[in-house]
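Visitor: Before we start, here is the structure in question, set down as structure tokens.
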Amino acid sequence: MIEYAWLIPLLPLVSFALIVFVTGRNRLLSAGISIAAIAASFVIAAGVGLEFLHNPETVEYGLPWVDVLGLRVEMGVLLDGISVLMLLIVTFIATLIQIYSLGYMHEDPGFSRYYSYMSLFAFSMLGLVVATNFLQLYIFFELVGLASYLLIGFWYEKHSAAEAAKKAFVTTRAGDFGLLLGILILFSLFGTFDFTELADRIAGFDNIPLLTLLTVLIFLGPVGKSAQVPLHVWLPDAMEGPTPVSALIHAATMVAAGVYLVARTYFLFANAPVALTVVAWVGGITALFAATIATAQDDIKRVLAYSTISQLGYMMLALGVGGFTASMFHLTTHAFFKALLFLGAGSVIIGLHHKQNIWEMGGLYKKMPITTVTFLVGSLALAGLFPFAGFWSKDSIFAVALEHGQVALYWLAVAAAFLTAFYTFRLFFVAFMGRPRSDHHAVESPPSMTGVLVILALFAIGVGFIGSPFIKEGFGHFIYFGKPHVEHLHMNIALTSTAVTLAGITLAWLVYSVRVTSFETLSVALKPAYLLLKNKYYIDEIYRWVGERVVEGFGFVLQWFDRTIIDGVVNGTGTLTEAIGRRLRVVHTGDLQTYALVILSGVALLFAILALVDPVKVLKLGGIL
Amino acid sequence: MVIDLNLLLPEIFTGLLGVGLLVLFFLWRGEGVVRAIGYLAAVGLAVAAVLAYGTVALDTSTLQGTWLADPLAGYFKVVFLLSGVMVALLSLSYLERLGESLAEFFILLVFLTLSMMVVISAGDLITLYLALEFQVITFAIMIGYRRREGAATEAALKYILLNAFSSAILLFGLSLLFGLSGTVDISGIAAAVSAGSPQPALYLAVIFVLAGLAFKVSLVPFHMWTPDVYQGAPTPITGFLAAGSKAAGFALLIRLFLTIFAPVSTVWTTVFVVLSVLTIILGNFVAVPQTNMKRLLAYASVGSAGYMIMGLIAADVTGVEGVLFYAFMNVLAILGAFGVAVVFANATGRDDIEAYAGLSKRSPLLALVMLLSTLSIAGIPGLAGFVAKFVIFWAIIDKGLVALALLGVVMSIVAVFYFLRIAKVMYVFEPKEETPIRVAPAARIVLVASMVLTLVLGIYPAPLLDLAREVALAVLR
Amino acid sequence: MEGFFDVGLYLILGAAFPLIAVGFAALLRPSNPDPDKLSIYECGVDPYGDARVRFHIRYYIFALMFVIFDVETVFMYPWAALFKDLGAFALVEMLIFIGLLVLALIYAWKERVLRWI
């Protein structure tokens, strides 16, 4: 099967092309092709996975793509523990979500377009996963960004959706430019893009400051894509897209691409301890920071979005403290339970006819029993209660943080865990329990949706065991950096985390279900803090201010300069309307003389440059390189 | 004296094409003659492009060294002829807005293309200068083609007067070169310069030649004419200015700075760095608040020149390869974008960005081509523009100019910002009128071809990169 | 410096010749001005208006047409002087050159530039 692994990303591409060029008019056929393609990819991935279980060896092959003097880039397939794992997760969840979408997107006029974008996304994501070199990785990194842009803006007639799409694209690209720069520096140093070759050559490289610099640059890409602080702002807005998209792309797979990238290039980070510390702290801060915001959100999808950011922070933290296996393990469990939660939210949204405010829900457990139970399973997994999936992966992160003596980060993570339990169950109690808070007529979703929920719920319960200490050759036996990882039972950590989780759940229960103290009094009592959280620390406002004032302001200043000072006053204001004949002569004389003057001053400028300064030296960054 | 006329084959063919079309115009003044001449011009230029491609492999000269037939000349001839073909086809969709004397428009277009071909094949300074003037005068006529419109005559007048000014500066530089070496032959001058030690007069020559050529490729602060002229000219000609004329300028920069001025490269790279920084900053930021599509594309094209000049800063094979690739990709992207503007203006008579609202509903093809072309200029991966910028950044990072590359990347994010604004107008806003826009077959060919090539070169650039690298190796030999 | 001496002599003689001729005439001729005699000569008609009058665009076109013949002649002088040495190739070259100019003339003719309306 391994020799057919290249088909895994290619099949969705074929389906994308077919839908766009051939079957676009036929809704069901388009959906059928897309689902068939991704399901076939899953079957192949499963075959590859089985072979890998028997014989865990790294396999790499590819075709030359660019082969010009000095530069040889392949489009290839690299199969090792993490890529096989990701192939399985992505194809499996994508298949489920595409089936779920049959019901969810049923009435949408853009049905075929939706499936073509989904196929495009699957192609890009799978191509990213199997990348053998930095260039291939970067290209697919941008392609998933494009697919995400298209899907966030799927309902482009909605102004907010179009804005969100643009924001996502621009924000993640801001991170990508660091990534690109890092890749280019890396290439100029080592002369190759290939991961395997780089891993060999990096070992003997002793300019640690330079390595740290470029590793941090590379890390900027993951910061954007995995929505880490301070580039996290796009992810909550991305919830403007259809909910299955949020589940697949903005929870389970694409946002994990950043984490995956760090894992894939871990040989760089491992050699640059400072960069690793940066990763750990960015992750830790993100985990806590996003969790605090999630406690004050009212939109069901936004709560989940901030929760995703927070969980991605956990994964980064784990990578940063050296917990390669723990991070990948959390990525895996998170993919399942977060997809489940989002699809559950989607089921609720459809059942309530596009209501998303949790304060208009309530009492759903009677009307939507399957959705409620599965959502509860997902919540418990997210909160990390024994024996649900999140418990095992979160505990292994805690363990690894303590093992490496990162006590501060450990307590950061524990605090975030408390908040996680609190906001998850705040959401659950408000939205599902109690009495209906508004006049709604909820109905349970069709079987194509609830069926998927049930499957995912089973995984959210069971998938944690593959990495638990009870299985001898479990997760860490296949997925590791350096030497295989063996999971031990950490009784004190398990007890701490369980206690913290239970405390969070209890607090949520007291405030939102039993109402020992009413929510309103609390929010009044803690008004400043509440407002700060509700407004997401005003980060969006700060960015908007900076964006508008600085970028556009700068543009306007320069234009003013160009028009007024350089263009000459006459032409700057002169519109070519009436009396062109007479006025034109005036415009011309004033104009051209100024233009000519500028050209002459340009010549003078060139002389000045030659005579006075040598900017080449300045731009060489004072001799760092 | 033996003259190998095969070396001049593309030029002889193009010249005969222009003359032949003129004769045809004498003989046949019937209905449909304009369209016939337009199509014939396009087909003829395409044939010439094939002939020119045949000369890429040559590396020789004739007519006592006044005529060069080397890979650089061959490559750029293909670029010029290709843009000529595309402009001819686009102009067929613009006839209603051109006014009168339509057949002459295409005949002049053929001669305009011919002038660029002579520029890049010129082996001595006099031929070079005359060919440049030939190009400028023809361009001036075509810019002012809509002579009853104030903006067009203003643009033509500005173009020709400022060009005369910059030509004088260039000529001063060229005469200094003659004074230094006692010959007008480019290879002779190069030999003389590298033999002697650099003199101050050589630095003066560098500055004056650079200033003259910087005007042609509109590097800041020599860019002043660009927005006014681009806005006033007929849109197909604007496209030709941004694609063909710019490529011709860079061809000359490569020709002169990497041969004659190569021994003093440390001097001019410094100057180039400053010009590049100014150009990409001003070009991209001033594009942000523009409301007129042609003016916005004009500033974006100013910015492009700033990226291309980086390839010359590197002054090595990779850098030149990047410039060559950029020139080709620029033809596709710029003519794709201006092609949309041509069709749109012909249908609606408007150039302001606001008018593009809801274009995706009125013509999905136009909106898609505009989107892909502009994103290619911005340098989004998967499109040809990314490869071009990538190669150039790689070249200058290799030279240690990391900060310059960083600035380049930041500025291309700014470019994404203003191009996505266009995308938003086209895809999100509601159209003011619902009438679909019809795209004529000739324009459709250009738009689809540019889009497909932009995508193909973005995904599989190896063939063109190979070619560009061979040309670059020949230049630097 | 040899060459510059010749040039200088040429300049001096060139300036002296008209100066001497007009100077002698001024000394010899009788001088009795009257208004008619001092007025600007314009084909014998009384002059009127400002000197800055607008000419019809047609004059410019004729001036342009004149350039065709003017430039043609300028190029043909050196060509004729060396014609014997250059041989048949030069003949073909000149024929092409003239051919192009003739084509331009025909174009102008066809466009009715030569017609005075």
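The values are calculated or read from the model by the stated rules, or taken from the named source; none is laboratory data. Note that the coordinates shown come from a computational prediction; the quantities given were computed from them, not determined experimentally. Positions of Cβ are backbone-derived with ideal geometry, glycine not excepted, and every protein chain shown enters the neighbour counts.
Visitor: Go through the stretch A:351-375 and report how many residues are part of a helix (DSSP H, G or I), in contact (Cβ under 8 Å) with a residue 12 or more places away in the chain and among the charged types (D, E, K, R).
Guide: 2
Visitor: If you don't mind, another one. Evaluate the following for A:ASP206: is it acidic (Asp, Glu), more than 12 Å from chain B (Cβ to nearest Cβ) and more than 30 Å from A:VAL48 (Cα to Cα)?
Guide: yes
Visitor: Going residue by residue through the stretch A:245-255, is there one that turns out to be assigned to a helix (DSSP H, G or I), of a type in the set (Ser, Thr, Tyr) and farther than 26 Å from A:TYR512 by Cβ?
Guide: No, there is no match, as no residue in the stretch A:245-255 is assigned to a helix (DSSP H, G or I), of a type in the set (Ser, Thr, Tyr) and farther than 26 Å from A:TYR512 by Cβ.
Visitor: Pull up the stretch B:223-234, narrow it to residues that are over 14 Å from A:LEU592 (Cβ atoms) and either of a type in the set (A, V, I, L, M) or part of a loop (DSSP other than H, G, I, E, B) (or both), then point me to the one that is farthest from the other protein chains (Cβ to nearest Cβ).
Guide: B:PRO234
Visitor: Which of the residues belonging to the stretch A:171-208 are of a type outside the set (Phe, Trp, Tyr) and either free of Cβ contacts under 8 Å to residues at least 12 places away in the same chain or not in a helix (DSSP H, G or I) (or both)? Spell out how you get there, then give the answer.
Guide: From the stretch A:171-208, those of a type outside the set (Phe, Trp, Tyr) are A:171-176, A:178-186, A:188-189, A:191-192, A:194, A:196-204, A:206-208; that's our starting set.
Once the filter is applied, which keeps residues that are of a type outside the set (Phe, Trp, Tyr) and either free of Cβ contacts under 8 Å to residues at least 12 places away in the same chain or not in a helix (DSSP H, G or I) (or both), the stretch A:171-208 yields A:LEU184, A:SER188, A:GLY191, A:THR192, A:ASP194, A:GLU197, A:ASP200, A:ARG201, A:GLY204, A:ASP206, A:ASN207.
Visitor: Next question. Return a yes/no flag: does the stretch A:349-357 have any residue that is more than 15 Å from the chain's Cα centre (by Cα) and of a type in the set (Lys, Arg).
Guide: yes
Visitor: Which of the residues spanning the stretch B:278-287 are within 11 Å of chain A (Cβ to nearest Cβ) and crowded, with 21+ Cβ neighbours inside 10 Å?
Guide: Scanning the stretch B:278-287 gives B:LEU282, B:GLY283, B:ASN284, B:PHE285, B:VAL286, B:ALA287.
Visitor: If I go through the stretch C:64-117 residue by residue, how many of them are more than 14 Å from chain B (Cβ to nearest Cβ) and surrounded by 13 or more Cβ atoms within 10 Å (Cβ to Cβ)?
Guide: Of the residues in that region, 7 qualify.
Visitor: Something else: Exactly one condition in (1) farther than 30 Å from A:PHE219 by Cα; (2) in a helix (DSSP H, G or I) is not met by A:GLY313; state its number.
Guide: The number of the failed condition is (1).
Visitor: Further question: Could you go through the stretch A:102-109 and let me know if any residue there is of a type in the set (Phe, Trp, Tyr), more than 23 Å from A:LEU79 (Cβ to Cβ) and either crowded, with 24+ Cβ neighbours inside 10 Å or in contact with a helix residue (DSSP H, G or I) (Cβ under 7 Å, 6 or more places away or on another chain) (or both).
Guide: Scanning the stretch A:102-109, I find at least one residue that is of a type in the set (Phe, Trp, Tyr), more than 23 Å from A:LEU79 (Cβ to Cβ) and either crowded, with 24+ Cβ neighbours inside 10 Å or in contact with a helix residue (DSSP H, G or I) (Cβ under 7 Å, 6 or more places away or on another chain) (or both), so the answer is yes.
Visitor: Does B:VAL317 fit the bill of being touching a helix residue (DSSP H, G or I) at 6+ places or on another chain (Cβ under 8 Å), free of Cβ contacts under 8 Å to residues at least 24 places away in the same chain and within 14 Å of another protein chain (Cβ to nearest Cβ)? Please lay out each step first, then the result.
Guide: Values: touching a helix residue (DSSP H, G or I) at 6+ places or on another chain (Cβ under 8 Å): yes; free of Cβ contacts under 8 Å to residues at least 24 places away in the same chain: no; within 14 Å of another protein chain (Cβ to nearest Cβ): yes.
No, not satisfied.
Visitor: Which residues, counting only those in the stretch A:418-476, are hydroxyl-bearing (Ser, Thr, Tyr), closer than 23 Å to A:ILE349 by Cβ and not in a helix (DSSP H, G or I)?
Guide: Scanning the stretch A:418-476 gives A:SER438, A:SER445.
Visitor: Mind telling me which of the residues B:VAL446, B:VAL456 ends up being aliphatic (A, V, I, L, M), under 23 Å from B:GLY74 (Cα atoms) and crowded, with 20+ Cβ neighbours inside 10 Å?
Guide: Of the residues listed, the single one that is aliphatic (A, V, I, L, M), under 23 Å from B:GLY74 (Cα atoms) and crowded, with 20+ Cβ neighbours inside 10 Å is B:VAL446.
Visitor: Can I ask one more? Scan the stretch B:420-461 residue by residue and report those that are at the interface with chain A (Cβ under 10 Å from one of its Cβ atoms) and either more than 30 Å from A:LEU63 (Cβ to Cβ) or more than 22 Å from the chain's Cα centre (by Cα) (or both). Spell out the reasoning first.
Guide: Initially, the stretch B:420-461 is screened for residues at the interface with chain A (Cβ under 10 Å from one of its Cβ atoms), giving B:420-421, B:423-424, B:427-430, B:458-461.
Of everything in the stretch B:420-461, those that are at the interface with chain A (Cβ under 10 Å from one of its Cβ atoms) and either more than 30 Å from A:LEU63 (Cβ to Cβ) or more than 22 Å from the chain's Cα centre (by Cα) (or both) turn out to be B:LEU420, B:ARG421, B:ALA423, B:LYS424, B:TYR427, B:VAL428, B:PHE429, B:GLU430, B:ILE459, B:TYR460.
Visitor: Test B:VAL274 against the criterion of being more than 10 Å from chain A (Cβ to nearest Cβ) and either under 26 Å from B:ALA472 (Cα atoms) or without any contact (Cβ under 8 Å) to a residue 12 or more places away in the chain (or both), and give yes or no. Write out each step before concluding.
Guide: Working: more than 10 Å from chain A (Cβ to nearest Cβ): no; either under 26 Å from B:ALA472 (Cα atoms) or without any contact (Cβ under 8 Å) to a residue 12 or more places away in the chain (or both): yes.
It is false that B:VAL274 is more than 10 Å from chain A (Cβ to nearest Cβ) and either under 26 Å from B:ALA472 (Cα atoms) or without any contact (Cβ under 8 Å) to a residue 12 or more places away in the chain (or both).
Visitor: Examine the stretch B:353-364 for a residue that is touching a Phe, Trp or Tyr at 6+ places or on another chain (Cβ under 7 Å), among the hydrophobic types (A, V, I, L, M, F, W, C), within 14 Å of chain A (Cβ to nearest Cβ) and crowded, with 24+ Cβ neighbours inside 10 Å, and state whether such a residue exists.
Guide: no
Visitor: State whether the residues of the stretch B:161-172 include one that is within 13 Å of chain A (Cβ to nearest Cβ), on the phi < 0 side of the Ramachandran plot, not in a helix (DSSP H, G or I) and not aromatic (Phe, Trp, Tyr).
Guide: no
Visitor: Inside the stretch A:427-451, can you point out the residues that are modelled with pLDDT of 80 or more and in contact with a Pro (Cβ under 9 Å, 6 or more places away or on another chain)?
Guide: A:GLU444
Visitor: On to the next question. So if I check each of B:LEU202, B:LEU256, which one is assigned to a helix (DSSP H, G or I), within 12 Å of chain A (Cβ to nearest Cβ) and farther than 16 Å from B:VAL136 by Cβ? Let's see the steps before the verdict.
Guide: Working: B:LEU256 fails: within 12 Å of chain A (Cβ to nearest Cβ).
B:LEU202 is the lone residue from the list that is assigned to a helix (DSSP H, G or I), within 12 Å of chain A (Cβ to nearest Cβ) and farther than 16 Å from B:VAL136 by Cβ.
Visitor: Here's another thing I want to ask about it. For residues in the stretch B:288-345 being assigned to a loop (DSSP other than H, G, I, E, B) and out of contact with any Asp or Glu (no Cβ under 8 Å at 6 or more places or on another chain), which is surrounded by the most Cβ atoms within 10 Å (Cβ to Cβ)?
Guide: Per the stated criteria, the residue is B:ALA315.
Visitor: Taking the stretch B:1-32 on its own, how many of its residues are surrounded by fewer than 13 Cβ atoms within 10 Å (Cβ to Cβ) and not in a helix (DSSP H, G or I)?
Guide: The total comes to 7.
Visitor: Within the stretch B:121-172, can you find the residues that are under 20 Å from the mean Cα position of the chain (by Cα), among the hydroxyl-bearing types (Ser, Thr, Tyr) and under 26 Å from B:LEU58 (Cβ atoms)?
Guide: Within the stretch B:121-172, B:SER121, B:TYR129 qualify.
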